[in-house]
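To start, the structure under review is shown below, and the notes come after it.
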Amino acid sequence: MMRQTPEMVDKEIEVLTAQLSVLQRREDDFARVVQDMVRLQNSVRVEREALSSKITELESQKQPVNWLPSELLIEIFLIRAEDESTGLAVGLPYNPAPVLISHVCRKWRELALTTWRLWSFISYRTPQWKARPLFVFLERSGNSLITFNFIASPVRPYSDQDLSALKEEECTTTERIIDVLKSRSHRIRSFTFECGFAKSMEEVLKAISQPYRGLHKLESLDLALSTLDPTFLGTRPFTSDALSAERPTDETSVLKHLRLQQLPLTIVPSYLVRTIRTLELSYPPKQSQMTRRQYLALKMSHLLELLRQAPQLHELSMIGVAPVWDVVTKVPTDGQLSQNAINLKVVSSPELPDLKRLEWKFAHHKDVFPFMLLIMLPELERWDLLIAQCPTKRYDVTQFRGNHIHDQDSFIRAEPLSNVLTLHALKELNVSCQNEDTLGSSLRQFIFPSLTKLDITFMGKHLRKEPGLPSLSRLESIFRDPRLPLLAHLTISNFEIMPGHGRTMLGYMPGLLSLTLGACTGVNVVLDALAEAYGTRVAKAPGVYPRSCGVRVCPRLEELVLWSCTDFDFKMLWSTIYTRSVAIDEGGEPDKDVFEAEVVASAVLGRKIRPLKKTRNTRANLPQQHGDTGPHAASGSSRSTLIPIEEALHPSRITCLHLEDCPQISEHEALSLERWGTVVMYR
């Protein structure tokens, strides 16, 4: 083979270089084409995703929930996160509502994660310690105020060993939770702590009792023991006999709501109590009646001290409060006290000038009057009272009630209390009883001069074991002064109204506007009293029947509600509506001459009625009628229940009639009453 010369090699290299340049240009062209294709592909993908997103958005518009703006959705999320009544959080160390909301869709997740307040509702409902959910919620809540709920209700143990293990587990979880919240105490707005053992409550009490914790944002405090008959053996914070007076020097409390369940009243420091507006005390009845020294009894002296430290209180709710009467307002004149009353405390009556509402459930009937007499409530407007069933046997000293010198059940042999208490500002009274005999004994010593709404309900079992409902006592047996001239709304439920009581009862209520009877018997007695006419109009022409006119009771009645009442007939109901309707002549217009007062009164009484002359000293007597405004002022003669003759002869039409669950009245019969101008609601 002949060797190539350098010139030949250079020439061949030149040819190959030219070919390489051509291939490089072609490769660059292909690269540009690929880049353009990728760019086109990306643009197509972006356009496709945009169209798909638009289609998804249009599809979502079919659902009405997606019509709501984000601001409104956030408010709905907050309401759902705050409500724990569904029971989904039971046994979980976190609030499931924000978690579920964040897993619905991308939009909701973005809203949930960017809303700090949604994660500020922290719930911990297990005695087991799990740190991660608690720290996640605290981190996502940002700087928003915290609402913390700890509810650990342990299951019933099978042995003492299991009980000790549950107690140790709950105490450990409590300590760790308090340690985590210490650095965030300035953000706590609401704190609810419900545990099963008093030992677990010690760390909580230490935290709220130390002023440097910085609870200046705390508005609601709820402390509860869920176990019935809790033992306080070995718990030091529960042995105090007075409220702690320790108070921060540079911070003031903003606490508005306080609730204590089965806890001594002395555990809360006084600086927190001074600003509360609502107070709830709950003490469910014990399972056993045995007296045990490690169980603390609620003392009246502690209750008075707590109320004395809360001058801004607006609402007071007491459930099962049956205090031990360890106080007296004064020493008896003879200086003799019973052997059980040696260590009684002489106290003065606290005043709650802003209290508007009082709710007392399961009250002992002998505690009602002494308690109300002991506390001054000048502005009380509403009183809800549930009188508990009296025990047949008395096991311990906590069941002896009141301060009655001649009462064999009273262990306090002090001076007798005053006989009458007048609640001048009370407008609404709702009374429920479990024993028909305790209704009168609880209210007999009260006077209600300004009462406008009265609700009387029976909620127990008939003690006399007779068929039917217990009979409602006469108002003279229930109230000291049965005259209720300002009463506008009356409700009676689950009682039997005896013959003759209807007219007597309604005669004390001349201004009644609304009457409700629920699940009562003897309704015909009431309807008969409402249908009783004042007199009879004289017939104008032969062949025209005389018509009754006017009423004797409740001339202003406009609304009648009957539900679950089965012992009245349509004839009596029709008579009531007809008597109180406006007479219609043949032309369809009201006959103005039918109810002229002078004509009717002359027909009834046989003489012409003339108005009385006004006395000259009417104005001079006014200050004397209202001079005695003290709490023990008796009712004066100014509380007249006489009905003016103009009202008796011109009664108001019953404009609204409610009939519910009254099968003896058909719908056709009920609607036929509308011809007299009454709106009938039949269910």
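The values are calculated or read from the model by the stated rules, or taken from the named source; none is laboratory data. In this text the structure is predicted, and so the values were computed from the model without any measurement. Reconstructed Cβ throughout: ideal geometry from the backbone, glycine too, with neighbour counts over all protein chains shown. With ligands, DNA and RNA removed, areas are computed over all heavy atoms of the protein, side chains included. Shrake-Rupley method; radii C 1.70, N 1.55, O 1.52, S 1.80 Å.
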What's the number of the condition E194 fails, among (1) touching a helix residue (DSSP H, G or I) at 6+ places or on another chain (Cβ under 6 Å); (2) open to solvent by 30 Å² or more (accessible area, probe 1.4 Å)?
-> (1)
Residue count, the stretch 172-198 (criterion: assigned to a helix (DSSP H, G or I) and of a type outside the set (S, T, N, Q)) | 11
What is the residue count in the stretch 478-493 for residues that are within 25 Å of the chain's Cα centre (by Cα) and open to solvent by less than 50 Å² (accessible area, probe 1.4 Å)?
-> 6
Search result, residues across the stretch 639-670 that are within 36 Å of the chain's Cα centre (by Cα) and open to solvent by 70 Å² or more (accessible area, probe 1.4 Å) = R653, E660, D661, P663, E667
Hey, can you tell me all the residues within the stretch 495-551 that are assigned to a loop (DSSP other than H, G, I, E, B), open to solvent by 50 Å² or more (accessible area, probe 1.4 Å) and modelled with pLDDT of 90 or more?
-> M498, P499, L513
In the stretch 171-208, anything among the polar types (S, T, N, Q) and out of contact with any strand residue (DSSP E or B) (no Cβ under 9 Å at 6 or more places or on another chain) is listed as T172, S183, S185
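Results for (1) assigned to a helix (DSSP H, G or I); (2) under 60 Å from the mean Cα position of the chain (by Cα); (3) at positive phi; (4) among the hydrophobic types (A, V, I, L, M, F, W, C), shown as yes or no for each residue.
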position: R25; (1), (2), (3), (4): yes, no, no, no
position: D29; (1), (2), (3), (4): yes, no, no, no
position: L73; (1), (2), (3), (4): yes, yes, no, yes
position: G87; (1), (2), (3), (4): no, yes, yes, no
Which of the residues spanning the stretch 117-150 are touching a helix residue (DSSP H, G or I) at 6+ places or on another chain (Cβ under 6 Å), open to solvent by less than 10 Å² (accessible area, probe 1.4 Å) and not in a helix (DSSP H, G or I)?
-> I122, S141, I146
Hey, any hits in the stretch 53-64 for a residue that's assigned to a helix (DSSP H, G or I), in contact with a helix residue (DSSP H, G or I) (Cβ under 9 Å, 6 or more places away or on another chain) and at pLDDT below 90?
-> yes
Could you look through the stretch 104-116, keep only residues that are within 33 Å of the chain's Cα centre (by Cα) and free of Cβ contacts under 8 Å to residues at least 40 places away in the same chain, and pick out the one that is most open to solvent (accessible area, probe 1.4 Å)?
-> W116
Which one is surrounded by the fewest Cβ atoms within 10 Å (Cβ to Cβ), of the residues in the stretch 199-231 that are assigned to a loop (DSSP other than H, G, I, E, B) and modelled with pLDDT of 75 or more?
-> T227
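For every residue, the table says whether it meets (1) modelled with pLDDT of 90 or more; (2) in contact with a helix residue (DSSP H, G or I) (Cβ under 7 Å, 6 or more places away or on another chain).
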{"position": "S70", "(1), (2)": "no, yes"}
{"position": "F77", "(1), (2)": "yes, yes"}
{"position": "E82", "(1), (2)": "no, no"}
{"position": "T86", "(1), (2)": "no, no"}
{"position": "A89", "(1), (2)": "no, yes"}
{"position": "L100", "(1), (2)": "yes, no"}
{"position": "V104", "(1), (2)": "no, no"}
{"position": "W108", "(1), (2)": "no, yes"}
{"position": "L113", "(1), (2)": "yes, yes"}
Among the candidates S301, S338, S282, S270, which residue alone is modelled with pLDDT of 90 or more and polar (S, T, N, Q)?
-> S282
Check off (1) modelled with pLDDT of 90 or more; (2) part of a loop (DSSP other than H, G, I, E, B) for G468 and give me the number that stays unchecked.
-> (1)
When you go through (1) of a type in the set (A, V, I, L, M); (2) in contact with a strand residue (DSSP E or B) (Cβ under 8 Å, 6 or more places away or on another chain); (3) part of a loop (DSSP other than H, G, I, E, B) one by one for L486, which number turns out not to apply?
-> (2)
